[in-house]
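The values are calculated or read from the model by the stated rules, or taken from the named source; none is laboratory data. These numbers come from a predicted model, not from an experiment. We place every Cβ from the backbone using ideal geometry, glycine too, and count neighbours over all the protein chains shown.
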Amino acid sequence: MKKFAFIIVAIMGASSVMAEDFLDGDYHYNPRVVKVEETWSLEVGAPNPEANAPQITMAMSPTGGLLEDYFIFTVNMRPEPSFEPGGLQVQRWYGDEKIQEKDGPVTDEMATWGETVSWKQVMSVDNGQLTFEIRDGSSETWGSFGGQGYLKIQIAQGYNSLNDYDPRTSITQSGIGFSGNRVASLTLQQIRWTLNNGQVYVLNAPIDIDSDLDPWTDGEDGVTNSDTSTTSADLE
(Lines give C-alpha, C1' and ligand atoms only; values in the text may rest on other atoms or scores of the structure.)
Protein backbone atom coordinates (compact mmCIF):
# COMPACT_ATOMS: atom_id res chain seq x y z
CA MET A 1 0.00 0.00 0.00
CA LYS A 2 2.83 2.41 0.86
CA LYS A 3 4.47 1.69 -2.51
CA PHE A 4 1.40 2.68 -4.51
CA ALA A 5 0.77 5.74 -2.33
CA PHE A 6 4.27 6.90 -3.20
CA ILE A 7 3.64 6.27 -6.89
CA ILE A 8 0.51 8.41 -6.87
CA VAL A 9 2.21 11.27 -4.99
CA ALA A 10 5.23 11.25 -7.30
CA ILE A 11 3.19 11.21 -10.49
CA MET A 12 0.71 13.81 -9.31
CA GLY A 13 3.59 16.07 -8.29
CA ALA A 14 5.17 15.92 -11.74
CA SER A 15 1.80 16.30 -13.45
CA SER A 16 0.89 19.38 -11.42
CA VAL A 17 4.10 21.14 -12.47
CA MET A 18 3.40 20.33 -16.12
CA ALA A 19 -0.21 21.46 -15.79
CA GLU A 20 0.95 24.99 -14.97
CA ASP A 21 2.46 25.22 -18.46
CA PHE A 22 -0.50 23.57 -20.19
CA LEU A 23 -3.11 25.80 -18.52
CA ASP A 24 -1.28 29.11 -18.50
CA GLY A 25 -2.57 31.54 -21.08
CA ASP A 26 -4.34 30.76 -24.34
CA TYR A 27 -4.92 26.97 -24.60
CA HIS A 28 -4.35 26.91 -28.36
CA TYR A 29 -0.83 28.27 -27.98
CA ASN A 30 0.26 26.21 -25.00
CA PRO A 31 3.06 23.66 -25.23
CA ARG A 32 2.22 20.12 -26.24
CA VAL A 33 3.88 16.92 -25.07
CA VAL A 34 5.56 15.50 -28.18
CA LYS A 35 7.69 12.74 -26.63
CA VAL A 36 7.48 10.51 -23.57
CA GLU A 37 10.33 8.21 -22.55
CA GLU A 38 10.02 5.56 -19.85
CA THR A 39 13.28 3.97 -18.65
CA TRP A 40 12.85 0.46 -17.25
CA SER A 41 15.07 -2.20 -15.71
CA LEU A 42 14.42 -5.87 -15.03
CA GLU A 43 16.52 -7.89 -12.60
CA VAL A 44 16.16 -11.64 -12.96
CA GLY A 45 17.17 -14.15 -10.29
CA ALA A 46 17.16 -17.69 -11.63
CA PRO A 47 15.56 -18.01 -15.08
CA ASN A 48 14.31 -21.38 -16.32
CA PRO A 49 14.63 -21.76 -20.11
CA GLU A 50 12.94 -25.16 -20.04
CA ALA A 51 9.76 -23.50 -18.74
CA ASN A 52 10.31 -20.25 -20.68
CA ALA A 53 10.40 -18.44 -17.36
CA PRO A 54 9.98 -15.63 -16.55
CA GLN A 55 7.67 -13.85 -19.01
CA ILE A 56 7.20 -10.09 -18.88
CA THR A 57 4.50 -7.93 -20.48
CA MET A 58 4.75 -4.12 -20.61
CA ALA A 59 2.02 -1.66 -21.63
CA MET A 60 2.15 2.00 -22.69
CA SER A 61 -0.71 4.14 -23.95
CA PRO A 62 -0.98 7.57 -25.62
CA THR A 63 -4.56 7.96 -24.39
CA GLY A 64 -4.24 7.13 -20.69
CA GLY A 65 -5.94 3.74 -20.90
CA LEU A 66 -6.47 0.53 -22.88
CA LEU A 67 -9.79 1.33 -24.56
CA GLU A 68 -8.24 2.83 -27.71
CA ASP A 69 -4.68 2.70 -29.08
CA TYR A 70 -2.00 1.24 -26.87
CA PHE A 71 1.27 -0.65 -27.20
CA ILE A 72 2.68 -3.84 -25.71
CA PHE A 73 6.29 -4.90 -25.27
CA THR A 74 6.95 -8.52 -24.29
CA VAL A 75 10.23 -9.84 -22.90
CA ASN A 76 11.33 -13.49 -23.17
CA MET A 77 8.30 -14.43 -25.30
CA ARG A 78 6.58 -13.61 -28.60
CA PRO A 79 2.89 -14.32 -27.99
CA GLU A 80 1.50 -13.02 -31.30
CA PRO A 81 0.17 -14.32 -33.65
CA SER A 82 0.89 -17.67 -31.94
CA PHE A 83 2.99 -18.16 -28.84
CA GLU A 84 6.73 -18.60 -29.28
CA PRO A 85 9.17 -18.73 -26.34
CA GLY A 86 12.08 -16.33 -26.01
CA GLY A 87 12.92 -13.10 -27.77
CA LEU A 88 11.30 -9.68 -27.77
CA GLN A 89 8.12 -8.38 -29.41
CA VAL A 90 6.20 -5.10 -29.76
CA GLN A 91 2.49 -4.97 -30.52
CA ARG A 92 -0.14 -2.38 -31.35
CA TRP A 93 -3.65 -2.88 -29.98
CA TYR A 94 -6.92 -1.00 -30.26
CA GLY A 95 -9.04 -2.09 -27.32
CA ASP A 96 -9.37 -5.88 -27.60
CA GLU A 97 -8.16 -5.98 -31.21
CA LYS A 98 -4.54 -6.67 -32.02
CA ILE A 99 -3.50 -4.58 -35.05
CA GLN A 100 0.19 -5.35 -35.55
CA GLU A 101 3.20 -7.11 -34.08
CA LYS A 102 6.95 -6.99 -34.78
CA ASP A 103 9.68 -9.27 -33.41
CA GLY A 104 13.25 -8.57 -32.45
CA PRO A 105 15.89 -10.49 -34.47
CA VAL A 106 17.28 -12.54 -31.55
CA THR A 107 14.90 -15.20 -30.23
CA ASP A 108 16.98 -16.74 -27.42
CA GLU A 109 15.43 -17.54 -24.04
CA MET A 110 16.72 -16.18 -20.75
CA ALA A 111 19.19 -18.58 -19.12
CA THR A 112 21.66 -16.37 -17.21
CA TRP A 113 21.32 -16.13 -13.43
CA GLY A 114 21.32 -12.55 -12.14
CA GLU A 115 20.77 -11.00 -15.57
CA THR A 116 19.75 -7.34 -15.76
CA VAL A 117 17.77 -6.09 -18.75
CA SER A 118 17.29 -2.36 -19.34
CA TRP A 119 15.47 -0.43 -22.05
CA LYS A 120 13.49 2.69 -22.93
CA GLN A 121 9.88 2.70 -24.12
CA VAL A 122 9.46 5.82 -26.25
CA MET A 123 6.33 7.38 -27.69
CA SER A 124 6.60 10.44 -29.93
CA VAL A 125 4.39 12.47 -32.29
CA ASP A 126 5.37 14.34 -35.44
CA ASN A 127 2.98 15.86 -37.97
CA GLY A 128 0.11 13.72 -36.71
CA GLN A 129 2.09 10.47 -36.75
CA LEU A 130 2.49 8.49 -33.52
CA THR A 131 5.58 6.32 -33.05
CA PHE A 132 6.26 3.72 -30.37
CA GLU A 133 9.76 2.29 -30.19
CA ILE A 134 12.03 0.35 -27.87
CA ARG A 135 15.44 2.01 -27.60
CA ASP A 136 18.75 1.68 -25.75
CA GLY A 137 18.09 -1.92 -24.77
CA SER A 138 20.81 -3.88 -23.01
CA SER A 139 20.92 -7.52 -21.89
CA GLU A 140 23.07 -10.62 -21.84
CA THR A 141 20.47 -12.74 -23.63
CA TRP A 142 19.69 -10.40 -26.57
CA GLY A 143 22.70 -8.06 -26.44
CA SER A 144 21.98 -4.45 -27.39
CA PHE A 145 18.49 -4.06 -28.81
CA GLY A 146 16.11 -1.37 -30.02
CA GLY A 147 16.66 1.79 -32.03
CA GLN A 148 17.14 -0.03 -35.35
CA GLY A 149 13.47 -0.07 -36.32
CA TYR A 150 12.60 -3.73 -35.73
CA LEU A 151 10.95 -2.93 -32.38
CA LYS A 152 9.10 0.11 -33.74
CA ILE A 153 5.45 0.65 -34.65
CA GLN A 154 3.88 3.76 -36.18
CA ILE A 155 0.32 5.06 -36.48
CA ALA A 156 0.15 7.25 -39.56
CA GLN A 157 -2.22 9.97 -38.39
CA GLY A 158 -4.51 11.27 -35.69
CA TYR A 159 -2.06 12.28 -32.94
CA ASN A 160 -0.86 15.85 -32.43
CA SER A 161 0.18 15.53 -28.79
CA LEU A 162 0.75 13.09 -25.96
CA ASN A 163 -0.99 15.26 -23.36
CA ASP A 164 -3.30 12.36 -22.47
CA TYR A 165 -0.42 10.03 -21.59
CA ASP A 166 -0.79 8.74 -18.03
CA PRO A 167 2.13 6.82 -16.46
CA ARG A 168 -0.29 5.06 -14.14
CA THR A 169 -1.40 2.98 -17.13
CA SER A 170 2.16 1.73 -17.67
CA ILE A 171 2.63 1.03 -13.96
CA THR A 172 -0.64 -0.78 -13.32
CA GLN A 173 -0.88 -2.69 -16.62
CA SER A 174 2.71 -3.95 -16.82
CA GLY A 175 4.16 -6.87 -14.90
CA ILE A 176 5.38 -10.44 -14.71
CA GLY A 177 2.79 -12.66 -16.35
CA PHE A 178 4.47 -15.96 -15.51
CA SER A 179 6.98 -17.09 -12.88
CA GLY A 180 7.34 -13.89 -10.91
CA ASN A 181 9.25 -15.85 -8.29
CA ARG A 182 12.21 -15.74 -10.68
CA VAL A 183 12.27 -11.92 -10.86
CA ALA A 184 14.03 -9.73 -8.29
CA SER A 185 12.56 -6.46 -9.55
CA LEU A 186 10.83 -4.71 -12.45
CA THR A 187 11.53 -1.01 -11.98
CA LEU A 188 10.41 2.18 -13.68
CA GLN A 189 13.58 4.22 -13.27
CA GLN A 190 12.64 7.48 -14.98
CA ILE A 191 9.95 9.25 -16.99
CA ARG A 192 10.95 12.05 -19.36
CA TRP A 193 8.43 14.36 -21.02
CA THR A 194 9.51 16.61 -23.93
CA LEU A 195 7.34 19.54 -25.02
CA ASN A 196 7.14 21.03 -28.49
CA ASN A 197 8.88 24.18 -27.18
CA GLY A 198 11.90 22.09 -26.18
CA GLN A 199 11.23 22.12 -22.45
CA VAL A 200 11.87 18.81 -20.68
CA TYR A 201 10.39 17.45 -17.45
CA VAL A 202 12.03 14.50 -15.72
CA LEU A 203 10.68 12.33 -12.93
CA ASN A 204 13.49 10.38 -11.23
CA ALA A 205 11.72 8.11 -8.77
CA PRO A 206 12.59 4.41 -9.06
CA ILE A 207 9.33 2.48 -8.70
CA ASP A 208 9.60 -1.29 -8.31
CA ILE A 209 6.24 -2.45 -9.62
CA ASP A 210 6.74 -6.22 -9.36
CA SER A 211 9.15 -8.08 -7.12
CA ASP A 212 9.26 -11.36 -5.24
CA LEU A 213 10.82 -12.41 -1.95
CA ASP A 214 12.84 -15.31 -3.38
CA PRO A 215 13.93 -14.65 -7.00
CA TRP A 216 16.80 -17.13 -6.77
CA THR A 217 14.63 -20.19 -6.31
CA ASP A 218 15.15 -23.09 -8.65
CA GLY A 219 11.95 -24.78 -7.57
CA GLU A 220 8.53 -24.95 -9.19
CA ASP A 221 7.64 -22.00 -11.37
CA GLY A 222 4.78 -19.91 -10.07
CA VAL A 223 2.23 -17.68 -11.76
CA THR A 224 1.92 -14.16 -10.39
CA ASN A 225 -0.64 -12.22 -12.39
CA SER A 226 -2.76 -14.88 -14.04
CA ASP A 227 -3.32 -18.62 -14.18
CA THR A 228 -1.56 -18.85 -17.54
CA SER A 229 0.98 -16.79 -19.43
CA THR A 230 -0.28 -13.22 -19.77
CA THR A 231 -1.59 -12.21 -23.18
CA SER A 232 -2.03 -8.64 -24.33
CA ALA A 233 -5.81 -8.77 -24.34
CA ASP A 234 -5.79 -9.88 -20.70
CA LEU A 235 -4.28 -6.61 -19.53
CA GLU A 236 -7.41 -4.48 -19.70
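Residues of the range 156-186 being free of Cβ contacts under 8 Å to residues at least 40 places away in the same chain and either assigned to a loop (DSSP other than H, G, I, E, B) or among the hydrophobic types (A, V, I, L, M, F, W, C) (or both), which ones?
Correct list: Ala156, Gln157, Gly158.
Taking the range 62-73 as the search range and keeping residues that are buried (at least 24 other Cβ atoms within 10 Å of the Cβ) and more than 16 Å from Trp119 (Cβ to Cβ), which one is nearest to the chain's Cα centre (by Cα)?
Tyr70
Does Glu97 meet the test of being under 27 Å from Pro49 (Cβ atoms) and modelled with pLDDT of 95 or more?
Answer is no for this residue.
May I ask you to verify whether Phe178 is buried (at least 16 other Cβ atoms within 10 Å of the Cβ), at pLDDT below 95 and at negative phi?
Yes; evaluated as a whole, the condition is true for this residue.
From the list Glu101, Glu97, which one is free of Cβ contacts under 8 Å to residues at least 24 places away in the same chain, buried (at least 16 other Cβ atoms within 10 Å of the Cβ) and not β-branched (Val, Ile, Thr)?
Glu101
Filter the range 104-142 for residues that are of a type in the set (Gly, Ala, Ser) and part of a loop (DSSP other than H, G, I, E, B); which is surrounded by the fewest Cβ atoms within 10 Å (Cβ to Cβ)?
Looking at residues that are of a type in the set (Gly, Ala, Ser) and part of a loop (DSSP other than H, G, I, E, B), I get Gly128.
Residue pairs, Cβ under 7 Å, 6 or more apart or interchain, first in the range 187-199 and under 20 Å from Asn127 (Cβ atoms), second among the hydroxyl-bearing types (Ser, Thr, Tyr). List them.
Within 7 Å, the pairs are Trp193/Tyr201.
Counting just the residues of the range 191-212 that are surrounded by 17 or more Cβ atoms within 10 Å (Cβ to Cβ) and not in a loop (DSSP other than H, G, I, E, B), which one comes out farthest from the chain's Cα centre (by Cα)?
Residue satisfying both the conditions and the ranking: Leu195.
For the range 57-80, which residues satisfy the criterion of being part of a strand (DSSP E or B) and under 11 Å from Asp164 (Cβ atoms)?
Asp69
From the residues in the range 134-159 that are within 17 Å of Glu37 (Cα to Cα) and charged (D, E, K, R), which one is nearest to the chain's Cα centre (by Cα)?
Once the filter is applied, the top-ranked residue is Arg135.
Write out, first by first residue and then by second, each pair whose Cβ atoms fall under 6 Å of each other, whose residues are 6+ apart or on separate chains, and whose first residue, in the range 49-74, is on the phi > 0 side of the Ramachandran plot while the second is in a strand (DSSP E or B).
From residues that are on the phi > 0 side of the Ramachandran plot, the pairs are Asn52/Pro85.
For the range 88-103, how many residues are part of a loop (DSSP other than H, G, I, E, B) and β-branched (Val, Ile, Thr)?
0
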